[in-house]
Amino acid sequence: MSELQPLRREFASREDLIAYVTAQFPASAEIDSHASPIPGGRAAGLRALGAVDGAKYAATRNYLNGRVSRLSPYLRHGAVSLSEVRDHVVRRTPKRHESEKFVNELAWRDYWQRLYAKLGDGIWRDREPYKTGFRPADYADALPDDIMQGETSAACIDGFSRDLRETGYLHNHARMWMAAYVVHWRRVKWQAGARWFLTHLLDGDPASNNLSWQWVASTFSHKPYIFNRENLEKYTAGAYCRGCPLANNRRCPFDKTYEQLGAELFPNAPPEGR
Amino acid sequence: MASFERPIIWVHADCLTPTHPGLLAYPDAPAVFVFDEALLADWEISLKRVLFMYECLLEMPVTLLKGDVAAQVSAFARQHQADAIITSDSPSPRFREIVAKLRQSMPVTILEVDPFVDYDGHMDLGRFSRYWRTAEKYAFDVREP
């Protein structure tokens with residue numbers, strides 16, 4: 001018995017718990033000491049599940065203020081299971097077309113997990129060559145400090161960086177924009193961005209995370225994913241662009257057509273691949 | 001399923017729920033979770049992620065430890081004079097390594113969590129669209145409550 005030193009299980013408050021976990025895990029607190037407002041636990045996961053609306057999800061999920069489920073941290077740690085979430089939503093949404101998109105998105109997690117079982121640590125390696133006209137060696141190994149600190153001056157990117165560090169959660173669309181910015185605008189290896197996300201995301205799962213970064217990078221897709229200001233502004237209702245110093249100064253790196261961006265970001269790629 | 005006299009349940013971070021299949025199959029068995037300090041360091045896991053897991057674990061009847069997972073689970077098993085370790089499945093390579101270490105000293109039984117797609121045949125995982133062509137046939141099948 002003497003060799004085991006169990007951690008405490010009784011706490012007067014969440015603040016008490018946070019102070020204890022901070023003291024017990026100083027290395028994690030040193031990396032980043034924020035506590036997310038999103039609570040852990042199956043009870044909280046079931047509350048989130050109770051609020052899912054399949055039809056509204058399908059109609060609004062791409063918008064940052066859309067009716068997304070926010071179930072991912074609970075699914076990642078098995079506090080709720082994919083099958084019970086599916087059962088609940090399908091049972092409550094008898095019209096198949098209303099639950100279809102939600103179930104399809106759940107299936108992505110099942111797909112990533114099956115690939116993880118097959119690939120193991122191979123999820124850290126490029127699945128395929130980049131289709132950007134660049135070689136892996138053309139990409140930087142480390143994530144630049146200004147992205148990690150939220151000091152790029154692009155209000156959207158800095159906002160996503162702050163949310164990631166402070167809450168451990170980003171909307172899926174914000175993850176895609178951030179990943180595209182890191183890999184294609186800053187030409188950084190996707191692995192550096194993936195590691196940063198795993199540090200912070202409450203739902204950080206090596207398979208879902210890394211293979212999604214590879215999809216954006218084009219090492220696990222037919223072409224790189226990019227976005228432009230019009231796309232971001234639409235799905236964020238202009239929330240970032242309104243106060244952005246770059247947007248108001250005509251220096252926004254995203255304020256171009258897809259044709260212009262493809263030619264600028266991937267000058268060596270054949271036009272049809274951009 | 002093999003039956004054991006004095007199993008312990010090893011809970012890992014892929015199944016942080018009171019409905020853990022090991023806890024349901026052996027409700028009286030002692031259960032343990034070990035925060036993997038080497039993994040937290042290697043992957044630079046921030047405090048909020050540790051806190052989230054901790055809050056999940058506080059809803060479970062489980063002893064919380066930290067350190068080397070295989071060593072701590074083995075010590076917990078010895079303390080309880082266990083004859084087997086029960087856990088739930090995970091695709092993680094690190095999970096496989098820990099199971100291999102634990103099996104050097106006693107049997108480890110790995111229980112499945114309810115599958116999302118109840119299909120054991122071939123799946124083409126080359127792209128999601130190919131997987132979905134097969135999975136879609138089963139993905140909407142609801143189990144009886």
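Values as computed for the structure displayed
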| quantity | calculated |
| --- | --- |
| Derived scalar couplings ³J(HN,Hα) [the range B:82-89; Karplus, 6.51 cos²θ - 1.76 cosθ + 1.60; whole Hz; x for Gly, Pro] | 6, 10, 6, 10, 10, 9, 10, 6 |
| Fluctuation leader among A:Ala155, A:Ala194, A:Ala117 - chain A, Gaussian network, Cα springs under 10 angstrom | A:Ala117 |
| Karplus 3J(HN,Hα) series, Hz, for the range A:135-147 with 6.51 cos²θ - 1.76 cosθ + 1.60 (x for Gly, Pro) | 8, x, 5, 6, 9, 5, 7, 10, 6, x, 4, 5, 6 |
| Under DSSP loop assignment and at most 15 Cβ neighbours within 10 Å, longest GluC sites (Glu not before Pro)-free interval of chain B | B:6-111 |
| Relative contact order %, the range B:1-66, counting alpha carbon pairs below 8 Å whose residues are six or more apart | 43 percent |
| Computed [θ] at 222 nm, helices only, for chain B once each DSSP H run of length n ≥ 4 contributes -39500 (n - 2.57) | -11000 deg cm²/dmol |
| Acute angle (nearest 10 degrees) that the helix A:155-167 long axis makes with the longest principal axis of chain A, alpha-carbon atoms | 20 degrees |
| Amide H contacts of B:Thr63 (H built 1.01 Å from N, under 5 Å, at least 5 apart or other chain) | B:Ala31, B:Val32, B:Phe33 |
| Pairs of alpha carbons in the protein assembly as shown whose separation is greater than 34 Å (percent) | 34 percent |
| The range A:38-119, relative contact order in percent, only Cα pairs under 8 angstrom and at least six apart counted | 31 percent |
| Sites A:Leu7 and A:Gln260, calculated FRET efficiency, Cβ-Cβ separation with R0 60 Å, nearest 0.05 | 0.65 |
| Peptides ranked, highest mean first, by Cβ atoms within 10 Å: ranges A:50-56, B:81-87 | B:81-87, A:50-56 |
| The range A:38-119: Cα Rg divided by the 2.2 N^0.38 Å rule of thumb | 1.08 |
| Between the range B:91-139 and the range A:91-134, the Cα center-to-center distance that results, in Å | 14 Å |
| All-pairs Cα distance distribution in the range B:7-114, expressed in whole percent, bin size 10 Å | 15, 51, 32, 3 |
| Where GluC sites (Glu not before Pro) fall in DSSP loop in the range A:1-45, at most 15 other Cβ within 10 Å | A:Glu3, A:Glu10 |
| Integer Hz, Karplus 6.51/-1.76/1.60 couplings in order for the range A:179-187, x for Gly and Pro | 5, 4, 4, 4, 7, 9, 7, 9, 6 |
| Expected 222 nm ellipticity per residue - DSSP helices of 4 or more, -39500 (n - 2.57), all of chain A, to 500 | -14500 deg cm²/dmol |
| Relative contact order (percent, whole number), the range B:27-128, Cα cutoff 8 Å, 6+ residue spacing | 27 percent |
| 32 Å Cα-Cα threshold exceeded, pairs from B:Lys48/B:Lys101; A:Lys118/B:Lys66; A:Lys56/A:Lys189; A:Lys101/B:Lys66; A:Lys131/A:Lys256 | A:Lys56/A:Lys189; A:Lys101/B:Lys66 |
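Read-outs: derived from the displayed coordinates by stated rules, not from any lab. In this text, all values refer to a predicted model and were calculated from it rather than measured experimentally. Every residue, glycine as well, gets a Cβ built from its backbone with ideal geometry; the counts of neighbours run over all protein chains shown.
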